[in-house]
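Reading through the structure tokens given below for one structure.
The values are calculated or read from the model by the stated rules, or taken from the named source; none is laboratory data. This one's a predicted model, so the numbers in the text were calculated from it and none came from an experiment. Cβ sites come from the backbone with ideal geometry, for glycine too, and all protein chains shown count toward neighbours. Areas reflect the complete protein model, heavy atoms only, side chains present, ligands, DNA and RNA absent. Shrake-Rupley method; radii C 1.70, N 1.55, O 1.52, S 1.80 Å.
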Amino acid sequence: METVILAVVIAVVVLAVLGGLVVGSRRKKPLPPPPPAAPDITAPPAEPHVGDEAETPRDEPRRVIEEVDLPGGGAAATVEEPPVVEAPAIEIPEPTAGRLVRLRARLSRSQNALGKGLLTLLSREHLDEDTWEEIEDTLLTADVGVLPTQELVERLRERVRVLGTRTPEELRGLLREELLQLVGTDFDRTVKTEPEGRKPGIVMVVGVNGTGKTTTTGKLARVLVADGRTVVLGAADTFRAAAADQLQTWGERVGAHTVRGPEAGDPASVAFDAVKEGKEMGTDVVLIDTAGRLHTKTGLMDELGKVKRVVEKHAPLDEVLLVLDATTGQNGLVQARVFAEVVDITGIVLTKLDGTAKGGIVVAVQRELGVPVKLVGLGEGADDLAPFEPEAFVDALIGD
């Protein structure tokens, strides 16, 4: 029994000693370092808002407005007004009566190939077959055309044979008579702008690209204004950039109103509106400028026919003027033929007839279409478009 008690006591003592060792070892183990304290963050100074002072306000002496010296002795500030855009001055075009005679010097630049050449050949002492062939070549080179050339040579042969002697004055008179007959003096060359019983007269201007249609339309407006007529311009060329601006500038110079539409818009609609406004305004004449189109493009030519049909819902067209470049020669006849098939051409306008142009084109185009040349352009000036006068034209060709 005593042995058991003793064993228990020993066990208790051993457990006590072991527990003390464990506790002691725990006390000696270092504790983990405490978490670092959060650093002090200094906020940046707030940026000033609109209206806030950037710095701390300081006490400064202030002055009232009465104590401040204003520049210029206190004169009130002047406010500049925007510049006034003045309307373009209305020009007074040159009268059309005798205009071709006044422009004779420019027209006579074409005479070397035709008039003077024929006079030189006819003045030879002996007119043999070689000379007559040269006369024929001169006429053909001047774009007179084959049939008109043959007719003229035959008449000249007969008259020279009957005449016998040939003084320079006689030859000039002979040649003048024959050229006048060739050009034609029995055509009605008046531009029809005064239809009976209604207003306005309606004129449509057509042609291929580059012949000067828009410029010719503007110059024709000047011709009509010079004759005391009022004009409305229809800018139906909606495909060429700035064509409407160009036509409007021509109109503003003589006080003509211009009707235009959006770029690439329907040209027939613009033409219709131009005639409508011309009626409402009581205008004498409406000029319709159409887009230049290639005579070989069927679709474009059909569209030109549409413009004509739409305009005629108001009233019939009084004139359809075909603008041809006189320097293109026989190629212009091909263009004229195609346009005549699409719209009823009533008159021809020959541009660039001065300089390198050959006067024979007047004869050829009239013979081809059976319609007269009514107007000719002899330069770049605003008043260089003239009514065609056969007598003045022939006189310029053969010279003094």
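Which of the residues that make up region 375-389 are within 19 Å of Leu180 (Cα to Cα) and either open to solvent by 10 Å² or more (accessible area, probe 1.4 Å) or aromatic (Phe, Trp, Tyr) (or both)?
Residues of region 375-389 that are within 19 Å of Leu180 (Cα to Cα), as a first pass: 375-376, 386-389.
If the condition is that a residue be within 19 Å of Leu180 (Cα to Cα) and either open to solvent by 10 Å² or more (accessible area, probe 1.4 Å) or aromatic (Phe, Trp, Tyr) (or both), then Pro387, Phe388, Glu389 are the ones that fit.
Considering Asp237, Asp245, Asp227, which residue is within 24 Å of Val310 (Cα to Cα) and out of contact with any strand residue (DSSP E or B) (no Cβ under 8 Å at 6 or more places or on another chain)? Don't jump to the end; show me each part of the working.
Working: Asp237 fails: out of contact with any strand residue (DSSP E or B) (no Cβ under 8 Å at 6 or more places or on another chain); Asp227 fails: within 24 Å of Val310 (Cα to Cα).
None of the others qualify; the one that does is Asp245.
Residues are listed down the side, and each one gets a yes or a no for (1) of a type in the set (A, V, I, L, M); (2) farther than 17 Å from Gly145 by Cα; (3) at pLDDT 85 or above:
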| position | (1), (2), (3) |
| --- | --- |
| His314 | no, yes, yes |
| Asp318 | no, yes, yes |
| Leu369 | yes, no, yes |
| Pro372 | no, no, yes |
| Pro390 | no, yes, yes |
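What pairs come out if I take residues in region 273-285 that are over 13 Å from Ala221 (Cβ atoms) and pair them with residues that are among the β-branched types (Val, Ile, Thr) whose C-beta lies under 7 Å away, six or more apart or interchain?
Asp273/Val259; Val275/Ile202; Val275/Val286; Val275/Val311; Glu277/Val232; Glu277/Val259; Met281/Val232
Does Val275 count as part of a strand (DSSP E or B) and either touching a Leu at 6+ places or on another chain (Cβ under 6 Å) or under 15 Å from Pro195 (Cβ atoms) (or both)? I'd like the intermediate steps shown before the answer.
On the way: part of a strand (DSSP E or B): no; either touching a Leu at 6+ places or on another chain (Cβ under 6 Å) or under 15 Å from Pro195 (Cβ atoms) (or both): yes.
No.
If you go through region 280-303, how many residues are modelled with pLDDT of 75 or more and either among the hydroxyl-bearing types (Ser, Thr, Tyr) or closer than 14 Å to Val203 by Cα (or both)?
Final tally of qualifying residues: 8.
If I filter region 149-168 for residues that are modelled with pLDDT of 90 or more and of a type in the set (Gly, Ala, Ser), do I get at least one hit?
No; the residues of region 149-168 include none that is modelled with pLDDT of 90 or more and of a type in the set (Gly, Ala, Ser).
Quick check: anything in region 119-135 open to solvent by 30 Å² or more (accessible area, probe 1.4 Å) and touching a residue at least 60 places away in the same chain (Cβ under 8 Å)? Quick ask: steps written out before the conclusion?
First, the residues of region 119-135 that are open to solvent by 30 Å² or more (accessible area, probe 1.4 Å): 120, 123-130, 133-134.
The next check asks that each one be touching a residue at least 60 places away in the same chain (Cβ under 8 Å); those that pass are none.
No: zero hits.
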